[in-house]
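The values are calculated or read from the model by the stated rules, or taken from the named source; none is laboratory data. Note that the structure is a prediction, hence the values are computed from the model and not measured. Because the Cβ atoms are built from the backbone with ideal geometry, glycine has one as well, and the counts that use them run over all protein chains shown.
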Amino acid sequence: MAHTLDQSIAVDDQLSIHDFEFRDATHVARFAERASLLTGAANCESWHLGRDGRFSCGTNGTALDSLREWALDPERLISTFVEFRKQGTCTPDWIVVDERPPRWPGDDSAPSEADVQHFMRLRYQLEVVGIRLMDVVIFDGGARWWSMCELLTGTTAWNDRPFPIVDVQRLRRVA
C-alpha cells in the first residue's frame, strides 16, 4: 500500500535521528517529513535500533547500495555488524531505508515482486548472524513511501509476527 508524506511540514535541519523513537514504518515517514532524511538521490542505508526503538548506529549508504545489491552480497553489512557487535556498539534490530527516485520520466519506484524477493533473501542471510531485519521502508523521491513489512503482513508495526514463509529459491527470477 502506498502512503503519502505530508509535504506541508517544514523540514527542520536541527532535528537529529537520535531524537526519535522508531517502532513502526510510519515513524520513519514522520521523521522523513520533519528532518533532512530524503536527499532526492538514490540512497540506501541501514538503521540499527536499540530495544527502545532509538537509533543506535547504522550503515551509511551510497548510490551504489540498494536492497538488491545487499541481498545479492550482504557481506559488508554482516562484517560490519560482527566487528561492531564484538565491541558492544551494534544492535541486532535493523531497518533499511531505501530512497529511489525515478531514473527517467514515468519510472515507477513502487516496490515490485523483485523487492519482495530481495527483502526476504536479505532477511534470511542476516538472520544467520543474529540480525533481525524488521522492514525496508522505500521512498520514491517524491511524496510516496511503502513498507515491505506492511506488504507482507498487513501492518506497518514491527513486532514479532512472523513474515510469511517464502521459498526464495523457488520465486520466479526477476531483475
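The sole residue among Asn60, Asn43 that is out of contact with any Lys or Arg (no Cβ under 7 Å at 6 or more places or on another chain), of a type outside the set (Gly, Ala, Ser), within 24 Å of Ile131 (Cα to Cα) and surrounded by fewer than 19 Cβ atoms within 10 Å (Cβ to Cβ) is Asn60. Of all the residues in the stretch 81-95, those that are touching a strand residue (DSSP E or B) at 6+ places or on another chain (Cβ under 9 Å) and either hydrophobic (A, V, I, L, M, F, W, C) or over 18 Å from Met134 (Cα atoms) (or both) number 6. For the stretch 79-99, the set of residues classified as modelled with pLDDT of 90 or more and either under 15 Å from the mean Cα position of the chain (by Cα) or in a loop (DSSP other than H, G, I, E, B) (or both) consists of Cys90, Thr91, Pro92, Asp93, Trp94, Ile95, Val96, Val97, Asp98, Glu99, listed by residue number.
Got at least one residue in the stretch 102-111 being among the polar types (S, T, N, Q), under 19 Å from Glu33 (Cβ atoms) and either without any contact (Cβ under 8 Å) to a residue 40 or more places away in the chain or not in a helix (DSSP H, G or I) (or both)? Yes. Restricting Glu99, Glu75, Glu150 to residues that are in contact with a strand residue (DSSP E or B) (Cβ under 9 Å, 6 or more places away or on another chain), acidic (Asp, Glu) and farther than 20 Å from Phe55 by Cβ narrows the list to Glu150.
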